[in-house]
Structure formats: C-alpha cells, structure tokens
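**Student:** There's a structure below that I have some questions on.
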Amino acid sequence: MRVITGSARGRRLKEPKNMDIRPTTDKVKESIFNILQFDIEGRRVLDLFAGTGQLGIEALSRGAAHAVLADRSPACVRLIRKNADRLGFAGRCTVVRGDYRTVIRKLQGGARFDVVFLDPPYGSGALPEALSGLFSRGILAEGAVVACEHGADTVIEDDAQMRYAACDRRRYGSTGYTFVTAR
C-alpha cells in the first residue's frame with residue numbers, strides 16, 4: 001500500500017498484521033481519485049471507516065485542507081496515527097475512534113465535509129445507514145461527494161426522503177464504487 005501522488009507520492013503506508021480489514025487496492029484508489037481529482041484540493045475530507053487511513057491520507061497528499069479519519073478499532077486508530085505521523089500529515093488530520101453512528105453524531109454541528117469516503121465491511125448493512133446519517137445530520141457541505149465502496153453486486157438506490165442520488169457507478173472486479181451527491 002502506497003500513496004499514489006501528491007506531496008507524499010510513492011511513500012509506503014504501514015499495513016495491518018492479522019487485522020480483519022480489506023484495504024482498497026492501489027488500482028481502485030487511483031481510479032477513485034481520478035474521478036475526484038478536482039474535488040480534493042483545499043477541501044475537508046471524512047474517511048469514516050478508515051482502516052489504515054489510506055484514503056484520507058491520499059486526499060491529504062493531494063492537497064486536502066483537513067481530514068477526519070475515523071474507525072472503531074483501537075488497533076486501526078493506532079495504525080492511522082502512525083501513518084499520518086510518518087508522512088507528516090498529523091497536523092492536518094484528526095483521528096477519531098468510534099463506530100460510524102457515534103462519529104456522525106459527534107461531527108454534527110461542526111465543520112462540514114466536501115468529500116466523504118465510506119468503506120464499511122461488505123455485507124454489514126452499515127452503508128445505507130451511514131449514508132442516511134450523513135445526509136440527515138447536516139455534516140455535508142453544499143455539493144459534497146460521498147464515495148462509497150461496496151461489493152460489486154451491491155446497488156445504492158437514490159433516496160428521495162434523504163435527498164441523495166447516485167451520480168456515478170463503477171465496477172472493479174469484485175469491488176463496486178458509487179458516488180453519491182445531494183439532490
């Protein structure tokens with residue numbers, strides 16, 4: 001796992017040992033950031049199921065102003081902090097321990113996010129609830145993009161009640177990505 005481009009280009013991230021996480025592959029990550037390339041610089045980013053922190057760190061390397069990297073696992077939080085420190089991003093990120101529901105509640109009423117990465121465990125059922133929480137709690141900036149990683153067979157439907165719509169869908173082998181924006 002490495003940072004693809006930006007100020008930390010080519011730098012390797014520490015990877016988990018024997019942890020139950022599924023890091024986004026470099027190929028998928030590169031494609032995601034090609035799609036988001038004009039939505040990153042100077043923006044606020046939330047990586048809600050951060051794991052190693054690689055998506056938030058990639059955004060910081062590409063010029064994001066600040067990133068909040070959150071995970072419920074204490075081991076992941078330690079790993080995220082190590083990666084952010086090693087790459088010099090500790091001053092531009094906040095690392096938060098908690099499950100997605102708690103984190104979304106804590107962020108309510110604070111700064112709004114321009115880009116959000118959601119990569120919950122496949123099949124956990126957390127993705128629809130996390131999307132609803134993001135759109136109902138007022139933590140998204142106007143024009144925000146939510147990039148959702150999921151199993152390739154998962155379909156994220158538009159939600160009229162929550163006022164969001166899938167604006168782009170991609171498939172990378174067994175991995176699917178859906179980009180969601182407010183309607």
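Just so you know, all these numbers are worked out from the coordinates, no wet-lab data involved. All of these numbers come straight from a predicted model, not from anything done at the bench. For neighbour counting, all protein chains shown are included, and Cβ atoms are generated from backbone atoms with ideal geometry for every residue, glycine included.
**Student:** Going by the alpha-carbon gyration tensor, a ≥ b ≥ c the square roots of its eigenvalues, is region 63-117 rounded (a/c under 1.5) or, if a/c is not under 1.5, prolate (a/b greater than b/c) versus oblate? Can you show the working numbers first?
**Tutor:** On the way: a/c = 2.43, a/b = 1.17, b/c = 2.07.
Oblate, because a/c is 1.5 or more while a/b does not exceed b/c.
**Student:** Right, something else. Which of Val96, Val28 has the fewest other C-beta atoms within 10 Å, and how do the rest follow up to the most? Display every interim value, and only then the final one.
**Tutor:** Details: Val96 20, Val28 17.
The order, fewest Cβ neighbours first, is Val28, Val96.
**Student:** For the chain, what is the mean residue ellipticity at 222 nm derived from helices alone (per DSSP H run of n ≥ 4: -39500 (n - 2.57); sum divided by total residues; nearest 500 deg cm²/dmol)?
**Tutor:** -8000 deg cm²/dmol
**Student:** Going by Cα centres, region 160-183 and region 52-125 are how many Å apart?
**Tutor:** The distance from the Cα centre of region 160-183 to that of region 52-125 comes to 20 Å.
**Student:** Which of the three applies to region 81-152, rounded, prolate or oblate, going by the alpha-carbon gyration tensor with a ≥ b ≥ c and a/c under 1.5 meaning rounded? Write down the numbers at each step before the final one.
**Tutor:** Working: a/c = 1.71, a/b = 1.25, b/c = 1.37.
Oblate shape, in that a/c is at least 1.5 and b/c is the bigger or equal ratio.
**Student:** Also, I was wondering about something else. Quick check on region 1-82: what are the equivalent-ellipsoid semi-axes from the Cα gyration tensor, as sqrt(5λ), descending, whole Å?
**Tutor:** They are 20, 14, 11 Å, listed from largest to smallest.
**Student:** Cα atoms only: what Rg and Dmax, in Å, come out for the chain?
**Tutor:** That works out to 14.8, 43 Å for Rg and Dmax.
**Student:** Now a separate question. To make sure I understand, if each residue's beta carbon is the centre and we count other beta carbons within 10 Å, what order do Ser73, Ser61, Ser124, Ser132 fall in, fewest to most?
**Tutor:** With the sparsest Cβ surroundings first, the list reads Ser124, Ser132, Ser73, Ser61.
**Student:** If you take every DSSP beta bridge whose two residues both sit in the chain, what share of them, in percent to the nearest 5, is antiparallel?
**Tutor:** Counting only bridges with both partners in the chain, antiparallel ones make up about 50 percent.
**Student:** Subtract the Cα-Cα distance of Cys167 and Ile35 from 0.36 nm times their separation in residues, and report this length gain in nm to one decimal.
**Tutor:** Separation in residues times 0.36 nm, less the Cα-Cα distance, equals 46.4 nm.
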